[in-house]
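Notes for the one structure printed next.
The values are calculated or read from the model by the stated rules, or taken from the named source; none is laboratory data. These figures come from a predicted structure and were not determined experimentally. Because the Cβ atoms are built from the backbone with ideal geometry, glycine has one as well, and the counts that use them run over all protein chains shown. The protein model used for the area step is the full one, side chains on, heavy atoms only, and it has no ligands, DNA or RNA in it. Shrake-Rupley method; radii C 1.70, N 1.55, O 1.52, S 1.80 Å.
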Amino acid sequence: MSKIIPLFRVFDETKAREFYIHYLGFTLDWEHRFDDSAPLYMQITKDSLTIHLTEHYGDCSPGAAIRVEMAGIEDFHKQLLSQNYPYSRPGIEIAPWNSKEVCVTDPFGNRITFYEELESK
């Protein structure tokens, strides 16, 4: 095994693109529909993180949560705030388990916690 790809349930293609591509900075890799009226299934990537977004009933439940380790969380946090995205203004916190964390929730209730481990004292 070499990679895990989380699936997030989404309900509105426009809101999903606005949040993941325009706000968080993911790139659209591909999208698929069985026909023009079928639900959307797409893959997005940012750095080494790949996520599948699906409108298909039964693929997964809304309200999932993932944790993503990263470097440069303070710069990432500033970049998010500088966009003045009206639906998300995440804070940056120091967690009791010795990491800095920025948590974002998409318009469908899915959460991504970006974190950077702090050096041990």
Reported set for segment 110-121 where residues are assigned to a loop (DSSP other than H, G, I, E, B) and open to solvent by less than 30 Å² (accessible area, probe 1.4 Å) is Asn110
Of residues in segment 71-99 being outside any loop (DSSP other than H, G, I, E, B) and charged (D, E, K, R), the one nearest to Tyr23 (Cα to Cα):
Lys78
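Among Glu31, Glu18, which is the only one that is of a type in the set (Asp, Glu) and within 30 Å of Glu117 (Cα to Cα)? Steps first, please.
On the way: Glu31 fails: within 30 Å of Glu117 (Cα to Cα).
Sole residue among the options that is of a type in the set (Asp, Glu) and within 30 Å of Glu117 (Cα to Cα): Glu18.
Could you tell me whether any residue of segment 25-36 is of a type in the set (Gly, Ala, Ser) and assigned to a loop (DSSP other than H, G, I, E, B)?
Filtering segment 25-36 for residues of a type in the set (Gly, Ala, Ser) gives 25.
Filter again for assigned to a loop (DSSP other than H, G, I, E, B), leaving 25.
Checking segment 25-36: at least one residue is of a type in the set (Gly, Ala, Ser) and assigned to a loop (DSSP other than H, G, I, E, B).
Give me a count of the residues in segment 33-46 that are open to solvent by 10 Å² or more (accessible area, probe 1.4 Å) and at pLDDT 95 or above. Can you show your working first?
Step one: filter segment 33-46 for residues open to solvent by 10 Å² or more (accessible area, probe 1.4 Å), giving 33-39, 41, 43, 45-46.
Now restrict to residues that are at pLDDT 95 or above: 41, 43, 45-46.
So the answer is 4.
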Need pairs with beta-carbon distance below 6 Å; first residue open to solvent by 60 Å² or more (accessible area, probe 1.4 Å) and within segment 1-20, second at pLDDT 95 or above and acidic (Asp, Glu); sequence gap 6+ or separate chains.
none
Among Pro96, Pro86, the single one that is under 17 Å from the mean Cα position of the chain (by Cα) and either modelled with pLDDT under 95 or open to solvent by 80 Å² or more (accessible area, probe 1.4 Å) (or both) is Pro86
How many residues, within segment 55-70, are outside any loop (DSSP other than H, G, I, E, B) and either open to solvent by 50 Å² or more (accessible area, probe 1.4 Å) or over 25 Å from Tyr115 (Cα atoms) (or both)?
3
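Of everything in segment 1-18, what is among the hydroxyl-bearing types (Ser, Thr, Tyr) and outside any loop (DSSP other than H, G, I, E, B)? Give them in sequence order.
Within segment 1-18, the subset among the hydroxyl-bearing types (Ser, Thr, Tyr) is 2, 14.
Across segment 1-18, the qualifying residue is only Thr14.
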